[in-house]
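Engineer: Quick one: the structure is below, questions incoming.
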Amino acid sequence: MDRAHRRELKHDKFVEQVGHSLEFAADHRSQVMKYGGIALAVLVLAAGWYFYSNHQKAARQQALRDAMRVQGAQIGAAGNEFMMSFPTQEEKEKAVEKAFNDVANKYSGSDEGLIARYFLGISAADKGNISEAEKHFKAVADSADAPYASQAKLSLAQIYEATGRIADAEKLLRSLVDNPTVLVSKEQATIALGRLLAKSKPADARKLLEPLRTERGPVSRAALTALGEINR
């Protein structure tokens, strides 16, 4: 069949199909109106949800920014009107905990809520409240997207190491070596694992760290430092 005939056939079928469609629309006008209305309603709802979700995301991000601004506040007199300050460290710590708790509870399950929970873990660890820090880090490690979860796992491994759970820490760090993210690189996880194993399995630690000596920049320096600690 030549090109002209194929074009004509396609054209005839197109005209025929359009004709059938118009006939159906005329014969079933009420149904078309009904289901067309439903389709329009779905489109309106979808558009509404898109704008609502964008608005909600903006609200979550602003709440997290506000909490981080509290965390960055100075102690004593502020340098300028834009810098937040608190009279004492104790008052600042209370405000920081409240700010991150508010975000974590109000936006539970969202990226912003889980990031706030991670900062609550950091705050608890700084105060020496290891069990509270572990609870927050584990919640983020179990629920957050991979990048945030990886950072929480790295911190959780440090908690495990500090409390003598070396096998648990090793398991977490090996999972990070096998599944690096933009927040925890393979090299970073490998160095952390090497440091962990330095005392109990020095040969394994050296095997992990030696290949990183030839890397450029901070990775090489960190690997050399860790190797030096093993040799000492």
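The values are calculated or read from the model by the stated rules, or taken from the named source; none is laboratory data. All figures in this text were calculated on a predicted structure; none of them were measured in a lab. Cβ: placed from backbone, ideal geometry, glycine included. Neighbour counts: every protein chain shown.
Engineer: Here is a list of conditions, (1) hydrophobic (A, V, I, L, M, F, W, C); (2) more than 29 Å from F119 (Cβ to Cβ); (3) at pLDDT 95 or above, and L224 meets all of them except one; can you say which number that is?
Structural biologist: Status for L224: all satisfied but (3).
Engineer: Cβ-Cβ under 8 Å, sequence separation 6+ or interchain: first residue in the range 161-182 and free of Cβ contacts under 8 Å to residues at least 60 places away in the same chain and over 24 Å from D145 (Cα atoms), partner surrounded by 13 or more Cβ atoms within 10 Å (Cβ to Cβ) and aromatic (F, W, Y). Which pairs?
Structural biologist: Within 8 Å, the pairs are I166/Y160.
Engineer: Tell me, yes or no, whether the range 21-33 has at least one residue that is surrounded by 10 or more Cβ atoms within 10 Å (Cβ to Cβ), touching a Phe, Trp or Tyr at 6+ places or on another chain (Cβ under 9 Å) and modelled with pLDDT of 90 or more.
Structural biologist: no
Engineer: Report whether or not I130 is exposed (fewer than 15 other Cβ atoms within 10 Å of the Cβ) and not polar (S, T, N, Q).
Structural biologist: On the way: exposed (fewer than 15 other Cβ atoms within 10 Å of the Cβ): yes; not polar (S, T, N, Q): yes.
Considered against the rule, which asks whether it is exposed (fewer than 15 other Cβ atoms within 10 Å of the Cβ) and not polar (S, T, N, Q), I130 comes out as yes.
Engineer: Enumerate the helices (runs of 4 or more DSSP H) found wholly within the range 103-206, keeping only those where 3 or more residues are within 18 Å of the chain's Cα centre (by Cα) and more than 27 Å from R65 (Cβ to Cβ).
Structural biologist: Per the criteria, 166-178.
Engineer: Consider I122 against the criteria (1) crowded, with 19+ Cβ neighbours inside 10 Å; (2) within 30 Å of P218 (Cβ to Cβ): it satisfies all of them except one. Which criterion is unmet?
Structural biologist: I122 satisfies every listed condition except (1).
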